[in-house]
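Asker: Quick one: the structure is below, and I'll ask about it shortly.
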Amino acid sequence: MLTEPSLVAQLRRHHLFSRLPDTALQELCSSANLRRLPAGSSLFHQGDKADRFYFIFSGQVKLHRVVCDGQEKLVEIIRAGESFAEALLFTGVPQYPVSATALKTCQVASMHGAQYRRLLEEHPSICLDILATLSIRLHQRLNEIDTLTLANASHRVKRFLAQAQEEGNGVVTLDVPKRLIASKLGIQPETFSRILHRLIDSGVIAVQRRRIEIIDLPGLSSYDD
């Protein structure tokens with residue numbers, strides 16, 4: 001059950017819940033499960049029954065899957081204030097296609113998917129807002145697919161840096177380990193580090209711990225390893 005007013009207020013600010021009537025939100029919260037996950041613990045595994053979706057109040061969760069060659073592939077990093085697994089409510093997929101593991105100590109709520117769908121059926125106008133948000137996520141996934149289909153690893157890193165800028169100010173803050181970024185880009189961690197060092201040597205970027213500053217954006221665009 002989710003009863004803490006500050007947590008309910010945080011949930012209310014999310015697009016999945018912002019337009020639910022108070023009675024509907026209270027009903028959803030009454031059946032929610034609130035969990036605290038230590039770093040490294042699993043929330044669910046690839047292939048588990050997909051009957052719930054999630055909202056993270058604090059910490060980070062990584063979504064990952066094992067691909068055909070047995071390697072782990074990072075799919076997404078979920079941060080505080082974000083939801084995940086809600087798309088499965090509308091696809092009819094019976095099992096989670098990914099595993100979810102806490103990167104940092106997390107506080108996570110899970111909601112029952114069938115109950116949420118029933119509430120949407122009772123308030124259909126909310127569906128348009130959710131559809132718009134899911135469309136944005138689809139475009140993000142298409143951009144990621146474009147990045148992964150670029151044959152040159154340097155191009156993948158360049159595209160990542162260009163897209164990860166904070167409000168276009170040329171600053172990229174790495175809030176997860178470099179090995180996870182490399183995994184999402186489909187390259188080895190040492191390859192990612194090597195490309196960053198070459199960009200540093202070329203005067204294109206400057207790196208201070210987890211802060212990357214793009215000094216020469218045109219140079220980044222034209223850089224070809």
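Asker: Starting from residues that are exposed (fewer than 15 other Cβ atoms within 10 Å of the Cβ) and among the charged types (D, E, K, R), keep the ones in the range 214-225 and report whichever is nearest to Ala162 (Cα to Cα).
Answerer: Of everything passing the filter in the range 214-225, Asp224 is nearest to Ala162 (Cα to Cα).
Asker: Also, quick follow-up: Every residue in the range 25-71 that is among the charged types (D, E, K, R) and closer than 21 Å to Thr105 by Cα, please.
Answerer: If the condition is that a residue be among the charged types (D, E, K, R) and closer than 21 Å to Thr105 by Cα, then Arg35, Arg36, Arg52, Lys62, Arg65 are the ones that fit.
Asker: Looking at Ser110, Ser183, which is the one that is under 22 Å from Asp48 (Cβ atoms), touching a Phe, Trp or Tyr at 6+ places or on another chain (Cβ under 8 Å) and not basic (Lys, Arg)? Break it down into steps so the answer makes sense when it comes.
Answerer: Numbers: Ser183 fails: touching a Phe, Trp or Tyr at 6+ places or on another chain (Cβ under 8 Å).
On inspection, the qualifying residue turns out to be Ser110.
Asker: Just to check your reading of the model, which residue among Gly113, Gly170 is buried (at least 17 other Cβ atoms within 10 Å of the Cβ) and over 20 Å from Leu63 (Cα atoms)?
Answerer: Within the list Gly113, Gly170, the selection yields Gly170.
Asker: While we're looking at this one, here's another question. For the range 122-134, does any single residue satisfy the condition of being hydroxyl-bearing (Ser, Thr, Tyr) and either at pLDDT below 95 or in a helix (DSSP H, G or I) (or both)?
Answerer: Among the residues of the range 122-134, at least one is hydroxyl-bearing (Ser, Thr, Tyr) and either at pLDDT below 95 or in a helix (DSSP H, G or I) (or both), which makes the answer yes.
Asker: Same structure again: Does the range 15-35 contain any residue that is in contact (Cβ under 8 Å) with a residue 12 or more places away in the chain, closer than 23 Å to Leu185 by Cβ and surrounded by 14 or more Cβ atoms within 10 Å (Cβ to Cβ)?
Answerer: The answer is no; no qualifying residue exists.
Asker: Further question: State yes or no: is Phe84 free of Cβ contacts under 8 Å to residues at least 40 places away in the same chain and within 13 Å of the chain's Cα centre (by Cα)?
Answerer: Considered against the rule, which asks whether it is free of Cβ contacts under 8 Å to residues at least 40 places away in the same chain and within 13 Å of the chain's Cα centre (by Cα), Phe84 comes out as yes.
The values are calculated or read from the model by the stated rules, or taken from the named source; none is laboratory data. Being a predicted model, the structure only gives us computed values, none of them experimental. Virtual Cβ from ideal backbone geometry, glycine too; neighbours counted across all protein chains shown.
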